[in-house]
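The values are calculated or read from the model by the stated rules, or taken from the named source; none is laboratory data. Worth saying up front: this structure is predicted, and the values here are computed from it rather than measured. Positions of Cβ are backbone-derived with ideal geometry, glycine not excepted, and every protein chain shown enters the neighbour counts. Side chains included, ligands, DNA and RNA excluded: accessible areas come from the protein's heavy atoms. Shrake-Rupley method; radii C 1.70, N 1.55, O 1.52, S 1.80 Å.
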Amino acid sequence: MRGWALDLGTTNSGIAGWDESADRPRLVDLRSVCRDPAGDDPLEAPRMVPSAVQFLERPGFIDRLGAWPPVARRFFLGRRAVIGRQALERNRDEVHPAFVPGFKAALLHESLRPLARSGRRAISAREAARAFLRELLHEVKHATGARIRDLVVTSPVSAFETYRAEVGRILERLGVRRVRFIDEPVAAALGYGLSLTRERKVLVTDIGGGTMHLILVHLSPGGAMGGQAEVLAKVGRPLGGDAVDGWVLEDACRQAGWPPLEPEGDDGNRFWRRLMLAEACRVKEALHFDETSVFRVTPPGSSSRASGDQPGSSLVTLTRPRLVEILEKNGFYRGLEASLAAIFDDGTASADEVDDVLLVGGSTLLPGVFARLEARFDRRRLRGWQPFEAVAYGGACFAADRGGALDFIVHDYAFVTHDARTGEPQYTVVVPRGTRFPTRPDFWKRQLVPTCSLGERESIFRLVICEVASGDGDGRRFVWDAAGDLRKVGGAGGDEKVVVPLNDSSPTLGYLDPPHDPRDRRPRLEISFGVNADRWLTATVLDLLTRKDLMREEPVVRLI
């Protein structure tokens, strides 16, 4: 690998590199600290690393020696802390004073703010970030054999220069000789495969654990070369996955007859609440696909491994419609709509001028988010199939100088016909995923016989173009269906195929004069499909009987 990039996140972080053999970015597989080393479900972000740190309370001589700056710049000797999944596991049943569940928010504004303590010594956000990054780079060295000396770091556009300076100094002390930064919207655009060789307006909808951020940016080739975006408008609200977990917990406590415990209180109450919030998060994520999930409410003082039949515990069933009600009741959807309105209120740009909408952060997968964005911007402008990895992937593209060769079609696109005997739908792929564009106008070309489905003479030629998702090894395992609901594709319990019609309201591609007789099984039409530079599927339809063009390279639907 080459072209290393770091996405330092509030909840999860990732290191990506450019895989030259596959000609694409990949996350570095850090199995000892990632979220789930055995997981393969992209919705669980198994290869991301929780941004959590557990300091060693009694570091040995080698550990202390390895922290000495001249040594730290050259070698990974000993360790300062455990990070990621290991840190979370050590604090599953008891929270240690030296545990830092997250540090980015403090590092952005108050790098010296104490977040934990080791003995009598306070641990600042700066120290937590330094320990996390040190162990993360150590894990990369262990997994790949490479000591990273040149690194691109993705950065929020709202970050002050002090944040970049903090991260840069930490990495330099850890032996990274060259540190570059790229604005997160630029990285997200590259990660979603947008080639920044032309100007475009992009709306990044970033809903993570802590906040809902909407940022409208102008991306230009010149700015992209420097990793910078021009911010046209931005708005943020404290409506992220953490808030949703709290609402789900409150609802479960109410159903179980438990009074909700406030974040303030004694250590026992705070610890119990943290365990129950983790359970709420699990239940919430299960409802991405399942209609129901069971919430195990255990009494304060119980272990996280307590069984559902423990005295005083309750099993509460939560349904997907109930989750939608919870989101509605607590203003999540109103917050999203208000944020969208605020982005366009000052007239800097209109919704129609937005070229692409990028979904970043796990909470963009909550029910109703995609559907609301689709209603405002249309499906053809939405990119949301890798909300966890897009920023890290884009950073790796930037680091490897591969930002100008990423224009390809992401989904399979097909037209639908029906079997004459059974009536079963049949899908003929005309543009397979991975196709580079623009293509020739006759990229796909065939002669067809009108179906005459009603057994009568056919005077209108119709073709419904569909987006087709299947779980056949392309790495993506979810898609949004025609109703805007999240669907699992492939694997255990997933759909074999999810098909979304794109032009079913206007499928007409020409008129046949004279009409076609159903008894005539000779090809009547020659049809060609291609993809132009603006991602439109274009069609040319020739009537073989009259030798007239019914269409000539006319746009039908826009692809992503």
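Here Val541, Val531 are screened, and the one residue that is more than 30 Å from Ser195 (Cα to Cα) and of a type in the set (Val, Ile, Thr) is Val541. Within the range 524-539, can you find the residues that are in a strand (DSSP E or B) and either within 36 Å of the chain's Cα centre (by Cα) or basic (Lys, Arg) (or both)? Across the range 524-539, the qualifying residues are Ser528, Phe529, Gly530, Val531, Trp536, Leu537, Thr538, Ala539. The residues of the range 498-532 that are touching a Ser or Thr at 6+ places or on another chain (Cβ under 6 Å) and in contact (Cβ under 8 Å) with a residue 60 or more places away in the chain, listed by number, are Leu512, Ser528, Gly530, Val531, Asn532. Taking the numbered list (1) in contact (Cβ under 8 Å) with a residue 60 or more places away in the chain; (2) crowded, with 18+ Cβ neighbours inside 10 Å in turn, Pro387 passes all entries but (1). Residues in the range 226-261 that are on the phi > 0 side of the Ramachandran plot and open to solvent by less than 10 Å² (accessible area, probe 1.4 Å): Gly227 alone.
Checking every residue in the range 4-14 against the condition of being open to solvent by 60 Å² or more (accessible area, probe 1.4 Å), part of a loop (DSSP other than H, G, I, E, B) and touching a Lys or Arg at 6+ places or on another chain (Cβ under 6 Å) gives at least one match. Across the range 362-382, which residue is modelled with the highest pLDDT among those that are among the small types (Gly, Ala, Ser) and buried (at least 18 other Cβ atoms within 10 Å of the Cβ)? Among them, the one singled out is Ser363. Within the range 483-525, take every residue that is open to solvent by 40 Å² or more (accessible area, probe 1.4 Å) and of a type in the set (S, T, N, Q) and give me the one that is modelled with the lowest pLDDT. Selected residue: Ser505.
When the range 120-154 is examined, which residues are found to be of a type in the set (Ser, Thr, Tyr) and touching a Leu at 6+ places or on another chain (Cβ under 9 Å)? Within the range 120-154, Ser124, Thr154 qualify. Residues that are aliphatic (A, V, I, L, M) and either open to solvent by less than 10 Å² (accessible area, probe 1.4 Å) or under 19 Å from the mean Cα position of the chain (by Cα) (or both) within the range 347-361 comprise Ala349, Val354, Val357, Leu358, Leu359, Val360, listed in sequence order. Filtering the range 317-346 to residues that are of a type in the set (A, V, I, L, M) and either surrounded by fewer than 18 Cβ atoms within 10 Å (Cβ to Cβ) or in a helix (DSSP H, G or I) (or both) leaves Leu323, Val324, Ile326, Leu327, Leu336, Ala338, Leu340, Ala341, Ala342, Ile343.
The helices (runs of 4 or more DSSP H) located wholly in the range 127-225 that include 1 or more residues which are acidic (Asp, Glu) and surrounded by fewer than 20 Cβ atoms within 10 Å (Cβ to Cβ) occupy 161-173.
If I filter the range 111-124 for residues that are within 24 Å of Cys34 (Cβ to Cβ) and within 25 Å of the chain's Cα centre (by Cα), do I get at least one hit? No, the range 111-124 has no match at all. Does Phe478 satisfy the criteria of being buried (at least 17 other Cβ atoms within 10 Å of the Cβ), under 30 Å from Leu382 (Cα atoms) and at pLDDT 85 or above? Considered against the rule, which asks whether it is buried (at least 17 other Cβ atoms within 10 Å of the Cβ), under 30 Å from Leu382 (Cα atoms) and at pLDDT 85 or above, Phe478 comes out as no. Would you confirm, using the coordinates I've provided, whether Arg198 is modelled with pLDDT of 90 or more and within 24 Å of Arg24 (Cβ to Cβ)? Answer is no for this residue.
Count of the range 350-403 residues, restricted to those that are farther than 18 Å from Glu337 by Cα, among the aromatic types (Phe, Trp, Tyr) and outside any loop (DSSP other than H, G, I, E, B), is 2. The residues of the range 15-35 that are part of a loop (DSSP other than H, G, I, E, B), in contact (Cβ under 8 Å) with a residue 12 or more places away in the chain and either open to solvent by 30 Å² or more (accessible area, probe 1.4 Å) or among the β-branched types (Val, Ile, Thr) (or both), listed by number, are Glu20, Val28, Asp29, Arg31, Ser32, Val33, Arg35. Restricting the search to helices (runs of 4 or more DSSP H) fully inside the range 50-101 and requiring at least 2 residues that are of a type outside the set (Lys, Arg), modelled with pLDDT under 90 and open to solvent by less than 60 Å² (accessible area, probe 1.4 Å) gives 61-66, 69-72.
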